[in-house]
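> Dropping a structure here in structure tokens format, bear with me for questions.
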Amino acid sequence: MKNRNKQLIIIPGILAAVTAFVLGCLVLLSIFPSSGHETVYDHPTPTMTTPAVPHNLVTIASNQWYSNIYAQFPTEPLYALPVAFQLAPEGLGVSLPDVHKTANSIFAPYITDLRVGFADSLQKPVIQSIGDWSIQLAMATAEHESLQFTLAHGAPFTVLRVTGSTLQLSCDVTCQVYLDNTQLLAPGVATTAQALSVVIRGHTYILSLNTAIPVQLSGNTLTLHGAQRVYLAALPSRASYSQFKEDASTEIMGTMATPEIRGTKLFTSYSLATSGPAPLIALYPHQRENLADRLPVLGSYTTIRGTMTLVQTHAFTTALPLQRPATDFSALKTVPPDLASALPSDIQNFIATGPPGSKDYFLGVWFGRGTDLLQLAHALGLHDQEQRLLKFMEPVFMQSMGYFRYDASKTSTIATSPEFGNENLNDHHFHYGYFIRTAAVLAQLDPSYLAQVQTPIKQMVADVGTYNRGSSQFPYLRNFDVYEGHSWADGYAKFADGNDQESTSEAIQAWYGLYLWSQVTHNSAMETSALYLYTTEIASVKEYWFGLNGLYSGAYQHAIASIVWGGKVDFATWFSSDPNDIYGIQLLPFTPGSAYLGQLPDIAPYFADLQAHGGESNGNWGDLLLMWESYYHPSQALAQKDSVPAASMNSLRSLFLYMLYDHQLQAGQ
């Protein structure tokens, strides 16, 4: 949940619709000759091996790390990581972001090291292909000089296909250029080179060309005459030069991740189609820690996500414990008196008050509360109350579906009265997750309702959950970043820090909703996709928001990050500076799909951080904090059930009491 019209509060301190063709892994037949001979590898002979299905270019691939390309030129930084890029008339900007920590934020901003272009200005980029975590682009000048290149998560390199007589590489500040990483190239001296290194701000880059060409350094600008193919990589260290030079004949042509459920494990296979040998790529911590088969570590990068590990491979597979959520609340052997009293009271108030004036996010939240009440009434055997709620909610829900329309110009379902930037493709998974979960539970408890609701809810399900890469209506997995393993909330990422996500719990609720919908519609393909999203996002949220494995330490004084950006993390929210809210936005809404919140090794560091910065479980949203604590210390949480003022609660009292009692029962206390 965010308000794009409010300032972020931080605690002080054309049409290329393609049928599903296959991009192959093109294997180079020739190899590098011995030192002293010129290498030519411009036109490898293709051999079809690893397929990578591209995405349909008709749809707008919003909510991705590269989505700003659709919105503006020059672009904001694109945090591919470990490298970041920017597209501008001056050319392709390249940065290896350094990490800096403060008490309440960690910064790893894009700062241009190098920019590659021509003397003439380049025009807005054209998207030529999109993979699961890669994008192929072309940029041209008015004089038809052009660059074609692919940017990809985890790839510390790109390959520039050049049309034009003279390519220019400009350093943002004073830099040193070395011929084959050994001999310093003096300014003003013209020579011939096939491989060079550039050292700037302590970062080392390699330029490897397909053939030797004339080069000259003038000031901070390196001119390359007759360049046709340039392999440009950011090195973990200067010592890695030879390793990258040997891999310079490769080029990423496509990327694809394929999930598979085997028993109690989720296996995800990540494949890269290339034009040469296995590429050097960097794995995120959540990938490295869960590799199904270990890979030799060849180096590392320090990034905003922690240490990214360099490996060389066309493919790797991760194995995560499958998170299969409960579809409803469990029954209690005995219903305590205060819960028995609270539930009918909450149901009566819910019906009497009726829906809010909202026709988007807050209406969804209201439906979420009604769904809680339905599931609680069902679990506790209150059949009459359950039927009363169904009769009340079903027509209201059908009416609400009329508040959303498909917009072909945005290839998205948009609210007619949007909130929080819904019309700009912001937060769709946050918003629609509430509606999808409600539709599924209504159909679960009243199977006759499925026929009525299936068609209208379909547009919301497809908007955030399309798993068909060839769809011409909706982009593939709109919000989900396949390589980082979590969602992004902003439609076009119009920020210098890249895209961002705040409420991970609402993101996870969206995937939970898709899972529930797959169950009532008996859709096994959707079930696999939903469990992939749910399981993977949980793993990444634990890593990058809850800071497992020591990610958040040192000068940064908090146990969590509540907003994760492409190039920054913040102990903050978009709407409040209250530590209770900063934690609470990672917890709401509590549903049967929230059990992952009880899977952290220890809750103590989080409560210590919360209390050290003024938070308290009897304050605003204290009910969320106590429900979270009840996973770990159920008796202690239950003893505080009357300490949270009603006006400070985020959840219904009946849900709050149920969670505390249920967790105590499960713990046998």
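Just so you know, all these numbers are worked out from the coordinates, no wet-lab data involved. Keep in mind the model is a prediction, meaning the values are calculated, not measured. No Cβ is skipped: glycine too gets one built from the backbone with ideal geometry, and neighbour counts run over all protein chains shown.
> Hey, got the dipole for the chain? About the Cα centre, +1 on K and R Cβ, -1 on D and E Cβ, debye to the nearest 20?
Working: 33 positive and 52 negative charges, 112 e Å.
My answer is approximately 540 debye.
> Can you find, among Ala138, Thr416, Ser540, the residue sitting farthest towards the positive end of the charge dipole of the chain, where Lys and Arg contribute +1 and Asp and Glu -1 at Cβ?
The one lying farthest along the dipole's positive direction is Ala138.
> Only four residue types carry charge here, +1 at the Cβ of Lys and Arg and -1 at the Cβ of Asp and Glu. Report the dipole size of region 55-253 about the Cα centre in Debye, rounded to the nearest 20.
On the way: 8 positive and 13 negative charges, 37 e Å.
The calculated dipole for region 55-253 is roughly 180 debye.
> 7 Å from Cα along Cα→Cβ at both Gln123 and Ala451: what's the point-to-point distance in nm?
Computed distance between label sites Gln123 and Ala451 equals 5.5 nm.
> How large is the Rg to Rh ratio of region 55-253 when both quantities use alpha carbon positions and Rh follows Kirkwood?
Using only Cα positions, Rg/Rh for region 55-253 is 0.95.
> Work out the charge dipole of the chain with +1 on the Cβ of Lys and Arg and -1 on the Cβ of Asp and Glu about the Cα centre, then indicate which of Ser121, Ser330, Gly219 is farthest towards its positive end.
Ser121
> Let me ask something additional. Using DSSP to define loop residues, name the GluC sites (Glu not before Pro) in region 449-519 whose beta-carbon has at most 14 other beta-carbon atoms within 10 Å.
none
> Between Ala639 and Ser341, what is the label-to-label distance in nm when each label sits 7 Å out along the Cα-to-Cβ direction?
Result: 2.3 nm between the two label points.
> Another one. Counting other beta carbons within 10 Å of each residue's own, what order do Tyr432, Tyr583, Tyr403, Tyr492 fall into, fewest first?
Tyr403, Tyr492, Tyr583, Tyr432
> Tell me the trypsin sites (Lys or Arg not before Pro) within region 267-332 that lie in a loop according to DSSP and have at most 12 other beta-carbon atoms within 10 Å.
Passing both the DSSP loop test and the Cβ count: Arg294.
> Would you indicate which of [x] 49, 26, 22; [y] 43, 35, 27; [z] 44, 37, 20 is the value of semi-axes √(5λ) of the Cα gyration tensor in Å derived from the coordinates of this structure?
Computed from these coordinates, semi-axes √(5λ) of the Cα gyration tensor in Å corresponds to label [x].
> Taking θ as phi - 60°, what are the ³J(HN,Hα) couplings along region 367-374 by the Karplus curve (6.51, -1.76, 1.60), each to the nearest whole Hz, with x for Gly and Pro?
4, x, 5, x, 5, 4, 5, 4
> In addition: On a full-extension model of 0.36 nm per residue, what is the gain between Glu289 and Ser576, subtracting their alpha-carbon distance, rounded to one decimal in nm?
Stretched fully, the Glu289-Ser576 segment lengthens by 99.9 nm.
> With the dipole of the chain worked out from charges on the C-beta (+1 for Lys and Arg, -1 for Asp and Glu) around the Cα centre, which of Trp565, Asn104, Gly299 lies farthest toward the positive end?
Positive-most Cα among the choices belongs to Gly299.
> What's the FRET efficiency of Thr327 with Ala646 using the Cβ-Cβ distance as r and R₀ = 30 Å, to the nearest 0.05?
Step by step, r from the Cβ atoms, then E = 0.50.
> A further question follows. Give me Leu514, Leu160 ranked fewest to most by other Cβ atoms within 10 Å of their Cβ, as a rough exposure proxy. Can you show the working numbers first?
Values: Leu514 28, Leu160 23.
Starting with the residue having the fewest Cβ neighbours, the order is Leu160, Leu514.
> Helix-only mean residue ellipticity at 222 nm, the chain, DSSP H runs n ≥ 4 weighted -39,500 (n - 2.57), per residue, nearest 500. What is it? Write down the numbers at each step before the final one.
Values: 14 runs with 180 residues, N = 669.
Rounded to the nearest 500, it is -8500 deg cm²/dmol.
> Further question: Explain nothing, just the number: dipole magnitude of region 515-641 about its Cα centre with +1 on each Lys and Arg Cβ and -1 on each Asp and Glu Cβ, in debye rounded to the nearest 20. List each step's numbers first, then the result.
Numbers: 3 positive and 11 negative charges, 27 e Å.
Its charge dipole is roughly 120 debye.
> If you don't mind, there's one more thing I want to ask. First select every other residue whose beta carbon is under 14 angstrom from the beta carbon of Ile261; then total the charges, Lys and Arg +1, Asp and Glu -1.
Result for the neighbourhood of Ile261: +1.
> Where does each of 560-566, 58-64, 181-187, 596-602 land if you order them by average Cβ count within 10 Å, highest first? Walk me through the numbers before you get to the answer.
Values: 560-566: 25.6, 58-64: 23.0, 181-187: 13.1, 596-602: 15.1.
With the highest mean Cβ count within 10 Å placed first, the list reads 560-566, 58-64, 596-602, 181-187.
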